[in-house]
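What follows is a single structure, written as structure tokens, with notes after it.
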Amino acid sequence: MNQTPDISPTTTALLVAPAAVLMFGVFVLPFLFLVVLSFWSQVPGSLSLDTSFTLANYVRIFTDSYYLGGLWTTLWLSGFVTLVCLLLALPLARWIVLHAGRAKGLLIGISILPLICGALLPTLGLVNLLSPLGFINGALKSMGLIQSSLPLLGNITGVTIGLVQAFLPLMVLPLINTIERIPHDYEMAAMSLGASPLVVWRRVLLPLMLPGIVAGSLLVFCAALTAFVTPQILGQGKVITFASLAYQQAAMVLDWPFASALGIVMLMFLALAGVLGALISRRLARAS
Amino acid sequence: MKRIACYAAVTAVSLFPCLPAFAQDYSGRTLVVGTWGGDIERLLKEHVAGPLEAKTGAKVEFLLGGSGDRLSKMVAERNNPTMDVTFQNIYEAPNALKEGLVVAPDAALVPAAADVWAGMNDGCYAMSLVGLGIAYSKAVFPEAPEWADLWNPELKGKMAYAPYPSSEGDGMLAVAARIAGVDESNPDAAFAKLAELGAPMLTYNSLDEVLTLMDAGEIAAAPMISGYVISNLENYEGIGFVFPKDPGPVLVRDMVCQVANSPEPELAQMFIDLALGVDTQTAYAQQVNFGPTNSKVVLSDEEAARVINTPEEVDSLLQLDWEYVITQRSDWTDRWNKQILGQ
């Protein structure tokens with residue numbers, strides 16, 4: 001049995017201090033500044049800030065139908081991407097665990113490639129695939145299946161394809177981890193008792209996979225909620241998400257207080273998703 | 001002998017302030033220049049950074065990106081700037097000067113500024129002249145269109161725009177206002193008229209993206225800035241570019257600015273001086289069809305035909321009240337999002 005060596009509190013504090021200082025400096029302090037900034041305002045027609053306290057930015061977000069619409073689009077798009085990732089990742093992760101054999105490491109490596117590549121290059125590659133003159137439309141036209149190009153860019157379809165491609169690994173990895181821990185005997189036992197494959201999935205496998213599903217869903221949802229590059233490029237300015245609105249306000253309009261408020265609202269939803277995920281995980285742990 | 005040496009020393013010391021700054025050794029120092037990538041970066045490296053590095057021993061480092069990124073960097077670093085020179089659009093330059101972010105143009109510091117056409121150094125130094133015209137698909141327009149031709153109901157939803165806010169977007173609003181019989185000081189009429197063109201088929205992030213689709217006839221037309229488009233026309237047989245007449249093309253100027261309180265003001269002034277010089281300005285005109293602002297640049301007739309290069313040509317262009325336009329940025333961005341993109 002492994003024994004944890006005794007470490008004094010002072011040593012622990014010294015070991016933790018560099019990371020804590022770094023986190024405080026590069027995350028906590030800027031975050032606090034972001035919060036403060038969101039309650040300031042831009043002097044109209046100027047690049048200067050009015051530092052008097054105001055709720056105007058938040059009022060604008062929650063009373064203007066355009067920003068509410070952007071918030072709603074971002075939320076349901078993130079939920080939809082999470083669902084699609086889940087539906088694709090479940091059979092993929094299970095197949096990798098049960099049938100990949102020696103190729104398992106290679107397949108896991110391939111499946112996490114989108115995470116390693118970053119968002120920009122795969123997204124630009126997708127533009128070539130999905131554009132009206134791209135590979136997919138070209139192939140369909142040459143086969144005589146369509147006459148004019150299918151609109152695969154500048155809409156929810158294109159953005160969903162891009163986000164699923166980017167974040168599928170975040171669902172696959174926790175699921176592989178969970179499925180590996182489910183003894184194959186459970187499935188055999190259920191089937192020997194007369195359960196159909198569907199019943200085995202519904203009543204045996206899915207409940208046991210739930211921790212992985214919750215973890216993966218939380219990761220994909222949060223990543224999709226804050227995604228910027230993929231919606232910006234594949235949405236072609238027509239799919240308005242909160243991240244693209246925040247970028248427009250921060251980098252192009254230079255209304256930093258309003259951009260900060262948009263960022264804080266997005267972070268509030270991230271926190272809410274995190275709390276929900278934690279509650280579900282705790283409930284699952286209690287049930288098991 | 002001693003007396004001669006003494007005279008020589010006194011003469012050298014007294015002349016020292018008059019010596020060109022190039023004579024100093026700037027080895028180990030770095031000039032940071034914010035600009036656009038692609039051809040602009042290449043031209044600046046060849047005609048400005050290279051000669052400057054050779055003459056001074058300093059290193060020139062380029063920060064590439066959009067002018068909005070650079071403006072926000074200047075605001076964020078207002079008290080401790082890290083960038084010495086920045087290239088901005090005309091609509092940003094006067095405001096940047098008003099906010100104290102850049103140094104006012106001064107021919108005493110940048111001698112080549114005296115050669116720039118009178119009245120063009122507005123906020124910063126005028127670097128190049130381009131006009132907002134129409135890039136169009138020849139499959140859709142067999143003959144070069146006028147602005148009003150874009151309002152053909154059959155073309156609704158077939159336009160492409162640059163991301164807003166931008167000089168292209170503001171210029172198109174000004175055109176729409178004039179088509180509606182007013183000017184950009186009446187944004188209600190301008191946005192209502194522009195909305196008649198429908199939501200754009202594409203908000204493009206790269207020139208290739210929009211030109212490829214236009215070449216295939218998927219996009220009918222786009223308001224675009226002349227230089228880059230004209231340079232690319234030889235690659236796209238199906239695309240034309242025109243400076244319309246009624247109203248004329250919208251004048252857009254690229255500006256080069258010395259960042260206020262930057263770490264290397266002398267190197268910044270030398271860089272700007274070379275950028276405004278005849279050599280660089282000629283290369284801009286010949287290679288990317290950006291009109292020179294330096295009055296001493298001499299172009300062939302063929303080259304001159306492709307660029308805006310005289311005050312008379314500038315006068316014939318539609319000039320916006322950029323100082324007013326910039327104050328409307330937040331409101332107009334909201335309107336663009338809702339009335340143009342969100343319709």
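The values are calculated or read from the model by the stated rules, or taken from the named source; none is laboratory data. Being a predicted model, the structure only gives us computed values, none of them experimental. Because the Cβ atoms are built from the backbone with ideal geometry, glycine has one as well, and the counts that use them run over all protein chains shown.
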Condition met for B:Leu150 (among the aliphatic types (A, V, I, L, M), surrounded by 22 or more Cβ atoms within 10 Å (Cβ to Cβ) and away from chain A (no Cβ under 14 Å)): yes
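Among the residues of region B:182-233, how many are acidic (Asp, Glu), more than 14 Å from chain A (Cβ to nearest Cβ) and not in a loop (DSSP other than H, G, I, E, B)? Don't jump to the end; show me each part of the working.
Going residue by residue through region B:182-233, those that are acidic (Asp, Glu) are B:183-184, B:188, B:196, B:208-209, B:215, B:218.
Restricting the remaining residues to those that are more than 14 Å from chain A (Cβ to nearest Cβ) gives B:183-184, B:188, B:196.
With not in a loop (DSSP other than H, G, I, E, B) added as a condition, the list becomes B:188.
Residues flagged as acidic (Asp, Glu), more than 14 Å from chain A (Cβ to nearest Cβ) and not in a loop (DSSP other than H, G, I, E, B) within region B:182-233 amount to 1.
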Enumeration of residues in region A:233-256 that are farther than 17 Å from A:Tyr67 by Cβ, facing chain B (nearest Cβ under 9 Å) and part of a helix (DSSP H, G or I): A:Ile233, A:Ala251
Any hit, region A:90-111, residues being surrounded by 15 or more Cβ atoms within 10 Å (Cβ to Cβ) and closer than 29 Å to B:Lys338 by Cα: no
Test set (1) away from chain B (no Cβ under 14 Å); (2) surrounded by 12 or more Cβ atoms within 10 Å (Cβ to Cβ); (3) over 25 Å from B:Trp336 (Cα atoms) - A:Ser38 fails condition number: (3)
Matching residues in region A:114-123 - criterion: being hydrophobic (A, V, I, L, M, F, W, C), touching a residue at least 12 places away in the same chain (Cβ under 8 Å) and more than 17 Å from A:Leu175 (Cα to Cα): A:Ala119, A:Leu120
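Hey, can you tell me all the residues within region B:296-343 that are within 14 Å of chain A (Cβ to nearest Cβ), part of a loop (DSSP other than H, G, I, E, B) and at pLDDT below 90?
Keep residues of region B:296-343 that are within 14 Å of chain A (Cβ to nearest Cβ), which gives B:321-343.
Now restrict to residues that are part of a loop (DSSP other than H, G, I, E, B): B:321, B:328, B:342-343.
Residues satisfying the conditions are B:Asp321, B:Gly342, B:Gln343.
Provide a single number: the residues in region B:234-275 that are among the aliphatic types (A, V, I, L, M) and assigned to a loop (DSSP other than H, G, I, E, B). Give the derivation first.
Going through region B:234-275, the residues among the aliphatic types (A, V, I, L, M) turn out to be B:239, B:242, B:250-252, B:255-256, B:259-260, B:267-268, B:270, B:272, B:274-275.
Going one step further and asking which of them are assigned to a loop (DSSP other than H, G, I, E, B), we end up with B:260.
Looking only at that region, the number is 1.
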Where a residue in region B:320-343 is farther than 18 Å from B:Glu196 by Cα and its partner, wherever it lies, is buried (at least 18 other Cβ atoms within 10 Å of the Cβ) and hydroxyl-bearing (Ser, Thr, Tyr), with Cβ under 8 Å and at least six apart: B:Leu320/B:Tyr91; B:Trp322/B:Tyr91; B:Val325/B:Tyr91; B:Ile326/B:Tyr91
Wholly enclosed helices (runs of 4 or more DSSP H) of region B:47-147 bearing at least 1 residues more than 30 Å from B:Pro247 (Cα to Cα) and more than 14 Å from every other protein chain (Cβ to nearest Cβ): B:50-56
Residues located in region A:176-200, provided they are modelled with pLDDT of 90 or more, closer than 16 Å to A:Ala93 by Cβ and either outside any helix (DSSP H, G or I) or not aliphatic (A, V, I, L, M) (or both): A:Asn177, A:Thr178, A:Glu180, A:Arg181, A:Ile182
Selection status of A:Phe62, under 30 Å from B:Val325 (Cα atoms), part of a loop (DSSP other than H, G, I, E, B) and out of contact with any Asp or Glu (no Cβ under 8 Å at 6 or more places or on another chain): no
Index of the failed condition, B:Asn289 passing every other in (1) on the phi > 0 side of the Ramachandran plot; (2) modelled with pLDDT of 95 or more: (2)
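Tell me whether region B:196-208 contains one or more residues that are touching a residue at least 40 places away in the same chain (Cβ under 8 Å), under 28 Å from B:Glu302 (Cα atoms) and not acidic (Asp, Glu).
Taking region B:196-208 as the starting set, the residues that turn out to be touching a residue at least 40 places away in the same chain (Cβ under 8 Å) are B:196-205.
Then keep just the ones that are under 28 Å from B:Glu302 (Cα atoms); that gives none.
Checked against the condition, which is being touching a residue at least 40 places away in the same chain (Cβ under 8 Å), under 28 Å from B:Glu302 (Cα atoms) and not acidic (Asp, Glu), region B:196-208 yields no hits at all.
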Matching residues in region A:269-288 - criterion: being within 27 Å of A:Gly70 (Cα to Cα) and surrounded by 12 or more Cβ atoms within 10 Å (Cβ to Cβ): A:Phe269, A:Leu270, A:Ala273, A:Gly274, A:Leu276, A:Gly277, A:Ala278
